[in-house]
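Quick note: the coordinates plus some simple rules give every number you see, no bench work behind them. What you see is a predicted model, and the numbers here were worked out from it, not measured in a lab. Note that we place each Cβ from the backbone using ideal geometry, even for glycine, and neighbour counts take in every protein chain shown.
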Amino acid sequence: MIKIEIEIVTGFLGSGKTRFINTWIQNTAVVGEKILVLQWEEGETAIDESSKEGHTVLLKTLDSSKPLSYESILYMLTLHTPHRVIVEYNGTKKLEELWVILEDKKISRMLGTPTIFHITQAFTFEIFMMNMRSMLEEAIYHSDLIIINNMGRMASSGVENIQKIIRQINDRAILLKVPDISQLENIICEEKVIGNKILKKCRVFLKQVIRRK
């Protein structure tokens, strides 16, 4: 069975999660791919639901005042049968809320191993580290890719300190330093963190064939 890809985007409100998701979809989606975005925290930027490149983006907003619901997530996965799920995670919630759901037998059979992204603002990093340390450390520890946004607003010594703290928590993740959020797309492309689109097209095609049977 070919499993549904799942990507989890963590970070506090205003860090640039939605901007990252839009950029990520734009640069990784392939023709025919159906992407389900579960947004558990709404910021100022909207998810781009357009299908300019022949893919489909389905946006489902989750109530941030309520716990994640196993039933609703299972229902959406079954109803929409996406090729990929992107979760915009609530920055004030512990990741273990999501782990409990993903480890359920029914859901774990449907989903692949999560890829986790953490987005942080350089100029608010130390404030969150002082006030919400456990949540920030948990998100950083589990991440595969960490993006420090708007580092151009800080002195180089401040950026180096942030990088040092992050590396003490997680020394295996890819770490991208973005001088200004407007440069996010260029840096993601330049650093070659995007997977092979040809392989992804093959996976999408195989999933479509299997579902027709």
Along the three principal axes, how long is segment 5-212 when you take its alpha carbons, biggest first, rounded to the nearest angstrom? 56, 36, 31
Measuring from the lowest to the highest alpha carbon on each principal axis, how far does segment 1-122 reach, largest first, in angstroms? 39, 34, 22
What length, rounded to one decimal in nm, is gained on full extension from Phe123 through to Asp180, with 0.36 nm per residue of separation minus their alpha-carbon distance? 19.4 nm
Too long for a 23 Å Cα-Cα cut-off, among Lys17/Lys60; Lys93/Lys177; Lys17/Lys66; Lys34/Lys106, are Lys93/Lys177
How large is the charge dipole for the chain, taken about the Cα centre, if only the Cβ atoms of Lys, Arg (+1) and Asp, Glu (-1) carry charge, to the nearest 20 debye? 1020
Computed over segment 115-165, the convex hull of the Cα set has an average projected area, in nm², of 3.3
How much of the DSSP bridge set in the chain is antiparallel, in percent, rounded to the nearest 5? 0
Arrange Phe12, Phe128 by Cβ neighbour counts within 10 Å, fewest through most, would you? Phe128, Phe12
